[in-house]
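Everything on this sheet refers to the single structure shown next.
The numbers here are math on the coordinates, done by the rules we state, and not lab data. Keep in mind that what you see is a predicted model, and the values were worked out from it rather than measured. Every residue, glycine among them, receives a Cβ derived from its backbone with ideal geometry; neighbour counts consider all protein chains shown.
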Amino acid sequence: MAELAPDDERDLGSERLVTSSADDVERAAEAALRPRRLDEFVGQRVVREQLSLVLEAATSRGAPPDHVLLSGPPGLGKTTLAMIVAAELGSSLRVTSGPAIQHAGDLAAVLSSLEEGEVLFLDEIHRLARPAEELLYVAMEDFRVDVIVGKGAGASAIPLALPPFTVVGATTRAGLLPAPLRDRFGFTGHLDYYDATELEKVLHRSARLLDVPLATDAAAEIARRSRGTPRIANRLLRRVRDWAQVRGDGVLDLAAARAALEVYEVDPVGLDRLDRAVLEALCRRFGGGPVGLTTLAMTVGEEAETVETVAEPYLVREGYIARTPRGRVATPAAWQHLGLEPPADQAALFRA
């Protein structure tokens, strides 16, 4: 494989169009496209139906529902569902996140200001500090917080009653949640990746809200390249819209979709520059592997953590890379995607 050019070495992992994470600017753009009610939410049929039952039952009883835990990869709609929970209950939503709660006092201040029936959304709940976790246990179960007054031997805890409220926690790593915290959620829903048909529905709905004409075949093309993630689908839709407005006739047809995504280097199966750089390195430089993560990362000019957390999950999920005790190995699908013939010893690894 040819050496990477200096510009390519800068940071293949930054500003990726197909990343499932989002910054503040992205979230602001997403806000206009979020569904407001469960019946507007596309996909996640099982979770949607289960959550609907929980909310309807609570509403009929006139009491807050059980605490809700939503898990799954980023970009699938956990934040949107938290907003929908509040909307369906006719309550206000208080939003914070695990990283923002550094001390138990930070969480106590938020909890003590909640009103009856309010929904508290805790994003990245697995990143709560341990003292805050322990405070949250009591608040979720007994609706109280213990305020510590004084210091040292003279310190005392004064219980402060809280009005009934609902916690909606979101996590991309449910396995990191301690069992005592996980057990306090009465409903747990896991969000899965979307199929292409569901993403097409998401795209057509977003196109209507953006007031742009989207052809059916263009929606199918964008959906195929969206890695099963609505956030990526909407991002690609906005980039295709930009291309159509600047270089096309304003219509989002198949030709515009393909031309725009070629400009942004998103290939027909949703791989971008970083993904292809990893596959090229594995196949061309290392003969398909096995190769260690650190060596692979150095070859593409990235940090090992970036390759492992940004590029590798999708490549493994789609069967382009296999992780073995000796290192990463390119599968036959990777060779085929690059238009290469795997060496005989590599092909033998994957024969039944």
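Got a sec? Which residues in segment 269-287 would a label at Arg326 touch, if it sits 7 Å along Cα→Cβ and we count backbone N under 19 Å? Inside the label zone: 281-287. Between Glu303 and Ala63, the C-beta separation translates, for a Förster distance of 51 Å, into a calculated FRET efficiency of about 0.55. Taking amide hydrogens as placed 1.01 Å from N in the peptide plane, the amide H of Val95 sits under 5 Å from those of Phe121, each at least 5 positions away in sequence or on another chain. Label-to-label distance for His103 and Ala255 is 6.3 nm, based on points extended 7 Å past Cα in the beta-carbon direction.
Let me know the whole percent of all Cα-Cα pairs from segment 128-278 that are separated by more than 27 Å. Cα-Cα pairs in segment 128-278 separated by more than 27 Å: 50 percent. For segment 193-352, a Kirkwood radius taken over Cα pairs fed into Stokes-Einstein (25 °C, viscosity 0.890 mPa s) yields D = 146 µm²/s. Close amide H pairs (under 5 Å, H built 1.01 Å from N) link Asp146 with Leu160, residues at least 5 positions away or on another chain.
Ala174 to Glu341: FRET efficiency via 1/(1 + (r/R0)^6), r the Cβ-Cβ distance, R0 45 Å, to the nearest 0.05? FRET efficiency, Ala174 to Glu341: 0.65. Applying a DSSP loop filter and a limit of 14 other Cβ atoms within 10 Å to the GluC sites (Glu not before Pro) in segment 44-137 leaves Glu115, Glu116. Across every pair of non-identical alpha carbons in segment 87-212, the mean reciprocal distance, once inverted, gives a Kirkwood radius of 16.7 Å. Angle of helix 254-263 to the longest C-alpha principal axis of the chain, folded into 0 to 90 degrees and rounded to 10: 90°. May I ask you to list the residues of segment 93-121 whose amide nitrogen lies under 14 Å from a point 7 Å from Cα along the Cα→beta-carbon direction of Ala129? It comes to 97-110, nothing else. Using the Karplus relation 6.51 cos²θ - 1.76 cosθ + 1.60 with θ = phi - 60°, the per-residue 3J(HN,Hα) values for segment 293-304 come to 4, 4, 5, 4, 5, 4, 5, 8, x, 10, 6, 4 Hz, with x marking Gly and Pro. Sites counted here are trypsin sites (Lys or Arg not before Pro) in a DSSP loop (not H, G, I, E or B) having no more than 15 other Cβ atoms within 10 Å; the longest part of the chain that contains none of them is 38-150. Label positions at Asp195 and Asp211, each projected 7 Å from the Cα along the C-beta direction, are separated by 3.5 nm.
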